[in-house]
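*Asks:* I am attaching a structure below and will ask some questions about it afterwards.
What follows draws every value from the coordinates through simple rules; no lab data is involved. On a predicted model such as this, the values are computed, not experimentally measured, just so you know. With ideal geometry, Cβ positions are generated from the backbone for all residues, glycine too; neighbour counts draw on all protein chains shown.
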Amino acid sequence: MSTRHVLVTDYTWTSTDIEAEILARVGAELVVAETGAEEELVELVREAHGILTCFALVTPAVVRAGAQLQVIGRYGIGVDNIAVDVATELGILVTNVPSYCVDEVAEHVLALLLAHERGICLYDAAIRTGDWSLTPGLPIRRVSGRTLGIVGFGRIGKALATKARGLGLRVAIADPSASEGEIAQAEVERVGLLELAAQSDYVSIHAPLTPETHGLIGREFLAAMKPGAFLVNAARGSIVDQDALVEALREGRIAGAGLDVFEPERLPPDHALLAEPRVIATPHVAFYSEESVRELEARAAENVASVLDGRMPSSVVNPEVLELPRWRHLR
């Protein structure tokens, strides 16, 4: 069997040894991009049979340049960085890893929430300048008995609700697709989006990025929030209108925000959001634990290996492609 190539556009962990081992079993070897820029990927993909991608943009130009492409595998859940429509048009399977890092993201959200409510970052900065007073982090309020609003009630939203209830939080959710059974089992209350904004002391976003959710958390939503409320986004940066958020923070209409994702992914150092003292910012790390990354590498690579080996991957984003004659053997 001739060697096949899988292009790794980008990754944020220490090595791709796990992927290399899994793909070697099906006679494939990795080609790792240096920059992940479109121009580089267009060149490298010409010889590739598969792609593994984390955050780099797999644009229409990249997909169309892959004359031998069979599969594009995402390291993660969302596929908004992949031109799925073009891949579908060309009969290329797109896979993802839909159920990893659930605990990690839920824990990160609670860490941001508690760091805000207890003034952790403000106190840390203050004592390093010699200020040991209680003033910098005030007011501090008890978390138990307050309301957490969750926008999007998928796996992570459900895990967050369970953990939050353990802290004594009341949980409300906004997700029209959640079933009554899911709501009853989780012991949460379904409300409308603006009602959730008005009721919640904390709001956490767990919706996928789609045309419908782009800018979902905008001026209207922020205006409906309580003045003392705290917004957390560990989903996708573009779901929040960042200009509207800056305005709300500057005008004191909300108490703060915990942000793990941004638009663009890396903000310039002088961005207005990073100048806000009530913003707690982390570098898209909510997904990360040593355990979750090993799982992610293995499952993403196994999806691609399965396709190259003529087997059905565990998760297909564009299942309509499976109806094509080229994929008849996978049915």
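*Asks:* D for the stretch 33-186, whole µm²/s, Stokes-Einstein with Kirkwood Rh over alpha-carbon pairs at 4 °C and 1.567 mPa s: what number? All intermediate terms of the calculation are to be shown ahead of the outcome.
*Replies:* Numbers: Rh = 19.1 Å.
Rounded to a whole number, D works out at 68 µm²/s.
*Asks:* I would also like to ask the following. Compute the convex hull volume of the Cα atoms of the chain, divide it by the residue count, and report the result per residue in Å³ as a whole number.
*Replies:* Working: hull volume 48.8 nm³, N = 331.
Convex hull volume per residue, Cα atoms: 147 Å³.
*Asks:* With Cβ to Cβ distances under 15 Å as the rule, what net charge do the other residues near G137 carry (K, R +1; D, E -1)? Write out the running numbers ahead of the final one.
*Replies:* Working: positive: R118, R128, R141, R142, R278; negative: E117, D124, D131.
Here the count lands on +2.
*Asks:* Put a dot 7 Å past each Cα toward the Cβ at R142 and Q185; how far apart are the dots in nm?
*Replies:* In this crude spin-label approximation the distance works out to 3.3 nm.
*Asks:* Subtract the Cα-Cα distance of R165 and R266 from 0.36 nm times their separation in residues, and report this length gain in nm to one decimal. Before the final figure, lay out the partial values.
*Replies:* Working: separation 101, 0.36 × 101 = 36.36 nm, distance 3.28 nm.
Taking R165 through R266 to full extension adds about 33.1 nm, to one decimal.
*Asks:* With Kirkwood's inverse mean 1/r over C-alpha pairs for Rh, give me the Rg to Rh ratio of the stretch 5-120, two decimals please.
*Replies:* 1.08
*Asks:* Once the Cα atoms of helix 290-308 and of the chain are each reduced to a long axis, what angle between those two axes, in degrees from 0 to 90 to the nearest 10, is obtained?
*Replies:* 30
*Asks:* How long, wide and thick is the stretch 148-224, going by the Cα atoms along their three principal axes, in whole angstroms, largest first?
*Replies:* Between the extreme Cα coordinates on each principal axis of the stretch 148-224 lie 31, 23, 17 Å.
*Asks:* Using a Gaussian network model on the chain with a 10 Å cutoff between Cα atoms, which of I92, I239, I18 fluctuates the most?
*Replies:* It is I18.
*Asks:* While we're here: Describe numerically, in nm with one decimal, the distance between label points set 7 Å from Cα along Cα→Cβ at A298 and at E89.
*Replies:* Taking the simple label geometry, A298 and E89 are separated by 3.8 nm.
*Asks:* Residue separation times 0.36 nm, minus the C-alpha to C-alpha distance between S177 and L114: what's the value?
*Replies:* Between S177 and L114, full extension yields an extra 19.8 nm.
*Asks:* What does the C-alpha gyration tensor say about the overall shape of the stretch 189-243? Classify as rounded when a/c is under 1.5, otherwise prolate if a/b is larger than b/c, or oblate.
*Replies:* Here the stretch 189-243 falls in the prolate category.
*Asks:* While we're looking at this one, here's another question. How far is the Cα center of the stretch 131-166 from the Cα center of the stretch 96-116, in Å?
*Replies:* 12
*Asks:* If you take every residue apart from A244 with its C-beta less than 12 Å away from the C-beta of A244, what net charge results, scoring Lys and Arg +1 and Asp and Glu -1?
*Replies:* Spelling it out: positives minus negatives among the neighbours equals -2.
*Asks:* Got the relative contact order for the chain handy, in percent, Cα pairs under 8 Å and 6 or more residues apart?
*Replies:* Taking the mean separation of contacting Cα pairs over the length of the chain, I get 18 percent.
*Asks:* While we're looking at this one, here's another question. What residue among P176, P269, P227 has the largest mean-square fluctuation in a Gaussian network model of the chain, using Cα springs under 10 Å?
*Replies:* With Cα springs under 10 Å in the chain, the top fluctuation among P176, P269, P227 is at P269.
*Asks:* Taking the convex hull of the alpha carbon atoms in the stretch 196-309, what volume per residue do you get, in Å³? If you can, show how the numbers build up before the last one.
*Replies:* Numbers: hull volume 14.9 nm³, N = 114.
Measuring per residue, one finds 131 Å³ for the Cα hull of the stretch 196-309.
*Asks:* Scan around R4 for amide H atoms under 5 Å from its own, H built in the peptide plane at 1.01 Å from N, and keep only partners 5 or more places away or cross-chain.
*Replies:* A28, E29
*Asks:* Between A275 and E40, take the C-beta separation as r, use R0 = 41 Å, and let me know the FRET efficiency to the nearest 0.05.
*Replies:* So, using R0 = 41 Å, E works out to roughly 0.80.
*Asks:* Additional query: Rank E220, E117, E19 by mean-square fluctuation in a GNM of the chain with C-alpha springs under 10 angstrom and give only the top-ranked residue.
*Replies:* Looking only at E220, E117, E19, the largest GNM fluctuation is found for E220.
*Asks:* At what distance in nm do the modelled label points of S314 and E290 sit from each other, each positioned 7 Å from its Cα along Cα→Cβ?
*Replies:* Calculated label separation equals 2.1 nm.
*Asks:* In deg cm²/dmol, rounded to 500, what helix-only [θ] at 222 nm does the chain give when every DSSP H run of at least 4 residues adds -39500 (n - 2.57) and the total is split over its residues?
*Replies:* So the helix-based figure for the chain works out to -9500 deg cm²/dmol.
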